[in-house]
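To start, the structure under review is shown below, and the notes come after it.
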Amino acid sequence: MSSTDTPGLPRFDVEPGALRHLAEAQMNVELDTGDMILNLGPQHPATHGTLRLVVRLDGERVIAADPVVGYMHRGYEKLTEFRTYPQITTLVNRIDWLSSFANEVPFVHAAELLMGVEAPPRARWIRTILTELSRIATFYLFLGEMGLQVGALTPAFWGFRDREHVLNLIEAATGGRFHPNFNRIGGLKDDLPRGWAAETRRAMQAILDGCDDFESILVGNEIFEARTRGIGIIPSDVGASYGVSGSNLRASGVDWDLRRDGRPYLAYPEIEFAVCTHTDGDAFARYWVRLQETRESARMVLRLLDGLPAGPIMAKVPRVIKVPEGEAWVETENPLGQMGYYVVSKGATGPFRVKIRSASFSNVSILPWLLRGAYVPDVVAILASLYFILGDIDR
Amino acid sequence: MADDEQQVGGETAEPLDPVVETLLERLYEELGDAVIDRAQMFGTPIVRVRAEAWRRAAEVAKTALACDYLSYVSGIDWQPAPREGAAAGADTSSPVQPTDMTFGLAGSAGRFQLVAHVQSTTRHWGITMKTDVDEAQPRALSWVPVYPGAEWHERECWEMFGITFDGHPALRHLYLPSEFEGHPLRKDFPLLARVVKPWPGLVDVESMPGDAGGDASDGESEA
């Protein structure tokens with residue numbers, strides 16, 4: 001009736017049958033797999049700022065994800081009501097801080113539409129060149145960064161290194177590396193400096209070579225493809241109904257680019273360029289599309305430099321900018337997607353109301369839908385592949 | 001108000017773009033007299049629909065107009081911001097707006113309006129829609145069942161303008177902390193930064209310590 005004695009252990013008197021029963025019961029107990037709440041961020045390297053992602057996990061699988069935004073909300077829509085039109089370009093510079101110049105363009109364009117002013121051809125072409133340079137600067141960071149998020153360190157250094165070429169060009173032309181504030185209602189602050197065009201041609205060649213490097217190290221790389229193919233798939237109809245735009249939507253097979261399909265703006269109707277799409281809609285497709293678009297932008301800059309018209313860079317505008325009563329909606333294809341301003345003017349020196357439609361806001365709002373069922377390591381890859389800037393979400 | 005009278009009956013000064021005309025015709029066919037007014041904004045049609053037809057308008061836009069893409073949903077407060085007193089937040093630097101309440105394109109019945117823009121990724125057109133919401137009880141039907149992307153836009157609109165969306169899955173704060181009171185984008189909500197520290201305005205120069213005449217008031221002059 002007694003179990004064997006082990007020295008040093010207390011002695012239990014248990015029936016042998018009962019013990020076996022206990023052991024079997026132990027075997028049949030399932031491991032406790034209650035949901036776990038995991039906080040990604042607000043300071044996670046994959047979030048480019050302060051996006052907090054609350055994910056509920058079942059094991060390694062995401063059951064629900066809830067992005068918490070607003071850590072960087074600066075209330076630009078309210079601030080625009082307290083500023084004059086020329087002052088607002090300084091504000092909108094800081095929405096998507098990687099492509100600041102591209103943020104200024106639609107706002108200035110909206111004011112120009114309402115005033116009936118048109119920027120001279122040379123100003124429009126230079127604006128186009130600087131917009132495309134902003135796109136290259138933005139995408140180059142992505143092309144390197146995306147590798148970093150899935151474990152490839154080298155591309156990140158290449159991305160930062162070669163982006164300098166472009167930032168130097170933007171600085172040389174505008175005086176600001178990140179926040180040019182170069183657009184004026186009716187044109188531009190300055191003409192291009194001497195020698196800038198030749199320097200830009202050289203830099204674009206370096207960018208095109210760099211794209212080949214990215215392609216050779218990542219595209220076709222077994223690890224990179226295993227980490228990015230088939231994850232975070234956005235079907236085209238779901239993406240559109242969430243307002244996902246830009247390269248993210250083109251990677252889902254939607255052939256829609258506002259540079260080509262929107263209301264004609266800048267010099268885009270006058271030059272040739274290709275719009276790249278991919279049918280897969282996964283993280284890899286988004287990488288591939290941005291890689292091709294970087295190349296296309298570099299080629300566009302070369303084409304634009306070839307055809308750069310001469311002439312003035314400012315139209316005649318009054319010293320004090322008063323915008324007549326009216327409303328305008330201007331949307332442009334920014335590096336991160338559709339950026340639009342709905343400007344309501346009541347004839348004053350500042351707008352009555354400005355609705356800022358920023359690309360990342362809608363691109364990120366799909367995350368609860370997109371992350372459901374994903375695995376934790378893929379979450380980071382999906383976040384990186386959507387490519388958002390926090391300032392563009394929070395405004 | 002001359003602008004409003006001009007648009008009664010749906011007549012605008014500039015001739016309608018053929019695409020705009022097609023879009024408006026299709027919308028009239030589906031919505032009938034739920035469309036109150038229409039206008040054109042540099043090639044983009046604006047229609048103003050009755051509040052009860054707000055969600056129906058989204059459905060029609062998505063099906064009959066092929067507008068599969070939601071650009072934004074937001075609000076407008078047409079009431080001019082107060083310029084004087086505590087409500088203005090001691091602000092003297094902001095641009096002076098007209099003091100009477102006027103409405104924009106396609107008009108409005110009152111202070112608050114919803115405005116949304118949808119687009120077609122295949123046909124490459126877009127349409128802006130407006131609807132009036134009641135000032136005392138601002139509410140409208142949510143667009144989330146039609147465009148799931150409206151969820152965040154409506155959360156933002158709710159916290160910024162105080163417009164409630166019926167049928168929204170989780171109407172909670174998006175940007176602001178959950179204990180925040182007030183609706184910042186309403187015109188009677190002052191810019192708090194200016195309340196805390198009034199904007200210096202044009203004179204933004206403090207006299208330097210050694211300046212002649214500049215430091216007479218501080219009582220430390222040795223002369």
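Would you check which residues across the range A:259-298 are of a type in the set (A, V, I, L, M, F, W, C), touching a residue at least 24 places away in the same chain (Cβ under 8 Å) and either crowded, with 22+ Cβ neighbours inside 10 Å or away from every other protein chain (no Cβ under 14 Å) (or both) and list them? Selection gives A:L266, A:A267, A:I271, A:F273, A:C276, A:A283, A:F284, A:A285, A:W288, A:V289, A:L291, A:A298. Please indicate, with yes or no, whether at least one residue in the range A:345-357 is farther than 30 Å from A:V117 by Cα, of a type in the set (D, E, K, R), modelled with pLDDT under 90 and surrounded by 18 or more Cβ atoms within 10 Å (Cβ to Cβ). The answer is no, given that none of the residues of the range A:345-357 is farther than 30 Å from A:V117 by Cα, of a type in the set (D, E, K, R), modelled with pLDDT under 90 and surrounded by 18 or more Cβ atoms within 10 Å (Cβ to Cβ). If I ask for residues that are away from chain A (no Cβ under 12 Å) and small (G, A, S), which ones from the range B:124-141 would you list? B:A136, B:A140 - these are the residues of the range B:124-141 that are away from chain A (no Cβ under 12 Å) and small (G, A, S). When you look at A:V105, is it more than 19 Å from A:S360 (Cα to Cα) and β-branched (V, I, T), yes or no? It is false that A:V105 is more than 19 Å from A:S360 (Cα to Cα) and β-branched (V, I, T).
Give the residue that is surrounded by the fewest Cβ atoms within 10 Å (Cβ to Cβ), with candidates limited to residues of the range A:372-389 that are touching a helix residue (DSSP H, G or I) at 6+ places or on another chain (Cβ under 7 Å) and part of a helix (DSSP H, G or I).
Of the residues in the range A:372-389, the ones touching a helix residue (DSSP H, G or I) at 6+ places or on another chain (Cβ under 7 Å) are A:374, A:379-389.
Pick out the ones that are also part of a helix (DSSP H, G or I) and you get A:379-386.
On the way: A:V379: 24, A:V380: 18, A:A381: 25, A:I382: 25, A:L383: 27, A:A384: 25, A:S385: 26, A:L386: 22.
My answer is A:V380.
Scanning the range A:151-174 for residues that are part of a loop (DSSP other than H, G, I, E, B) and loosely packed, with under 14 Cβ neighbours inside 10 Å yields A:G151, A:L153. Taking strands (runs of 3 or more DSSP E) as the structural unit, those lying wholly within the range A:324-371 and holding at least 3 residues that are more than 7 Å from every other protein chain (Cβ to nearest Cβ) correspond to A:326-334, A:337-345. The number of residues in the range A:63-92 being more than 10 Å from chain B (Cβ to nearest Cβ) and surrounded by fewer than 17 Cβ atoms within 10 Å (Cβ to Cβ) comes to 3.
How many residues are more than 10 Å from chain A (Cβ to nearest Cβ) and either small (G, A, S) or out of contact with any Lys or Arg (no Cβ under 9 Å at 6 or more places or on another chain) (or both) if we restrict to the range B:145-156? Please lay out each step first, then the result.
From the range B:145-156, those more than 10 Å from chain A (Cβ to nearest Cβ) are B:145, B:154; that's our starting set.
Now restrict to residues that are either small (G, A, S) or out of contact with any Lys or Arg (no Cβ under 9 Å at 6 or more places or on another chain) (or both): B:154.
Total satisfying the criteria: 1.
Here's the yes/no breakdown for (1) closer than 30 Å to A:W369 by Cβ; (2) modelled with pLDDT of 70 or more:
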{"site": "A:E15", "(1), (2)": "no, no"}
{"site": "A:H21", "(1), (2)": "no, no"}
{"site": "A:E24", "(1), (2)": "no, no"}
{"site": "A:L31", "(1), (2)": "yes, no"}
{"site": "A:M36", "(1), (2)": "yes, yes"}
{"site": "A:G41", "(1), (2)": "yes, yes"}
{"site": "A:T47", "(1), (2)": "yes, no"}
{"site": "A:E60", "(1), (2)": "yes, yes"}
{"site": "A:A65", "(1), (2)": "yes, yes"}
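Just to check your reading of the model, which residue among B:T121, B:T99, B:T164 is among the hydroxyl-bearing types (S, T, Y), more than 11 Å from chain A (Cβ to nearest Cβ) and farther than 19 Å from A:R74 by Cα?
B:T164
Applying the selection to the range A:99-130, what residues are buried (at least 24 other Cβ atoms within 10 Å of the Cβ) and in a loop (DSSP other than H, G, I, E, B)? Matches in the range A:99-130: A:S99, A:A119. Note on the range A:245-257: residues that are facing chain B (nearest Cβ under 8 Å) and aliphatic (A, V, I, L, M) total 2. Among the residues making up the range B:29-61, those that are touching a residue at least 12 places away in the same chain (Cβ under 8 Å) and facing another protein chain (nearest Cβ under 8 Å) are B:M41, B:G43, B:T44, B:I46. Scanning the range B:20-55 for residues being under 24 Å from B:E159 (Cα atoms) and either of a type outside the set (A, V, I, L, M, F, W, C) or in a helix (DSSP H, G or I) (or both) gives a total of 7. Right, A:V238: in a helix (DSSP H, G or I), crowded, with 22+ Cβ neighbours inside 10 Å and either within 14 Å of another protein chain (Cβ to nearest Cβ) or not small (G, A, S) (or both) or not? No, not satisfied. Checked against (1) within 30 Å of A:V343 (Cβ to Cβ); (2) modelled with pLDDT of 90 or more; (3) touching a Phe, Trp or Tyr at 6+ places or on another chain (Cβ under 8 Å), A:A267 meets all criteria but (2). Filtering A:I231, A:I207 for residues that are surrounded by 14 or more Cβ atoms within 10 Å (Cβ to Cβ), among the hydrophobic types (A, V, I, L, M, F, W, C) and assigned to a loop (DSSP other than H, G, I, E, B) leaves a single hit, A:I231.
Working carefully through the options A:E81, A:E77, find the one that is out of contact with any helix residue (DSSP H, G or I) (no Cβ under 6 Å at 6 or more places or on another chain), farther than 20 Å from A:N334 by Cβ and either hydrophobic (A, V, I, L, M, F, W, C) or in contact (Cβ under 8 Å) with a residue 40 or more places away in the chain (or both). Don't jump to the end; show me each part of the working.
Working: A:E77 fails: farther than 20 Å from A:N334 by Cβ.
The match here is A:E81.
Scan the range B:1-57 for residues that are in contact with an Asp or Glu (Cβ under 8 Å, 6 or more places away or on another chain) and modelled with pLDDT under 80 and the total you get is 4.
Looking only at residues that are touching a residue at least 60 places away in the same chain (Cβ under 8 Å) and touching an Asp or Glu at 6+ places or on another chain (Cβ under 9 Å) in the range A:300-311, which one is farthest from A:R83 (Cα to Cα)? If you could, list the steps in order and put the result at the bottom.
Kept after step one, since they are touching a residue at least 60 places away in the same chain (Cβ under 8 Å), are these residues of the range A:300-311: A:300-302, A:304-305, A:307-311.
Add one more test, that the residue is touching an Asp or Glu at 6+ places or on another chain (Cβ under 9 Å), and what stays is A:300-301, A:304, A:307.
On the way: A:M300: 35, A:V301: 33, A:L304: 34, A:G307: 37 Å.
Checking each candidate, the answer is A:G307.
Residue check: A:K189 meets all listed conditions (1) under 20 Å from A:G311 (Cβ atoms); (2) in contact (Cβ under 8 Å) with a residue 40 or more places away in the chain; (3) touching a Phe, Trp or Tyr at 6+ places or on another chain (Cβ under 8 Å) but one, namely (2).
The values are calculated or read from the model by the stated rules, or taken from the named source; none is laboratory data. Remember, it's a predicted structure, so these values are computed and weren't measured experimentally. Positions of Cβ are generated from backbone atoms using ideal geometry, with glycine treated the same way; all protein chains shown enter the neighbour counts.
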